[in-house]
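The structure appears right after this line, and notes come after that.
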Amino acid sequence: MNSDGRRDIVRRLIAGGGMHTQADLVANLANEGVEVTQATISRDLAALGVVRGLRGGRMTYLLPDDIAETPAAAAQARLRRLLSDLPLEIVAVPPLLVLHTAPGSANAIASALDLSRWTEVAGTVAGDDTIFVACSDSKALERLQARLESMTGTAAATSQTGSRA
């Protein structure tokens with residue numbers, strides 16, 4: 001097997017989780033019919049940009065895609081996860097975007113918005129289930145509303161301007 005094919009298997013094994021040592025990788029590759037040495041695995045890991053990091057309280061191998069490059073990228077990923085799991089109603093009340101969500105969820109969403117460092121967001125104030133998002137101007141409000149709608153998968157029809165249904 002060539003190095004590209006072997007590295008594809010290594011990538012798949014790491015993506016599947018549970019690869020904590022090079023010995024784990026050597027053994028799992030052997031189970032797939034690929035005999036390698038620890039030195040070969042070491043070179044493959046370097047070529048793939050794999051690093052070791054904590055996952056589930058244990059050191060494991062992580063692919064570059066598993067690691068957020070910046071705190072803002074991590075916050076945006078968290079925001080995407082939150083918005084995919086929680087209901088969100090968006091009401092535009094310029095210069096504010098008012099977000100209504102599940103009770104107890106507003107602070108987590110507001111924090112993720114703040115940490116995302118989006119230029120549209122001047123700041124947030126969160127209650128229990130409501131978030132006021134201050135935008136710098138009406139264009140920023142429209143851009144942010146479109147971003148949030150694309151993250152939630154909601155159409156503009158579910159958003160309102162000025163009043164709550």
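Helices in the chain, meaning DSSP H runs of at least 4 residues, each add -39500 (n - 2.57). Divided by all residues, the mean residue ellipticity at 222 nm is -14500 deg cm²/dmol.
Computed over the range 71-161, the percent of Cα pairs more than 18 Å apart is 35. What length, rounded to one decimal in nm, is gained on full extension from Met1 through to Val125, with 0.36 nm per residue of separation minus their alpha-carbon distance? Extra length available between Met1 and Val125 comes to 39.0 nm.
Within the range 66-138, the GluC sites (Glu not before Pro) that combine a DSSP coil assignment with at most 10 other C-beta atoms in a 10 angstrom radius are Glu69.
Calculated FRET efficiency, Thr21 to Ala73, Cβ-Cβ distance, R0 = 30 Å: about 0.60 to the nearest 0.05. The smallest convex shape that holds all Cα atoms of the range 3-66, its convex hull, gives 74 Å³ per residue. If only the Cβ of Lys and Arg carry +1 and only the Cβ of Asp and Glu carry -1, the dipole of the chain around its Cα centre is close to 220 debye. Of all the Cα-Cα pairs you can form in the chain, what percent are over 21 Å apart? For the chain, the fraction of Cα-Cα distances above 21 Å is 56 percent.
Taken together, the values in this text are just the output of simple stated rules run on the coordinates, not laboratory data. As the structure is a prediction and not an experimental result, all values here were calculated from the model. Note that each Cβ is placed from the backbone with ideal geometry, even for glycine, and that neighbours are counted across all protein chains shown.
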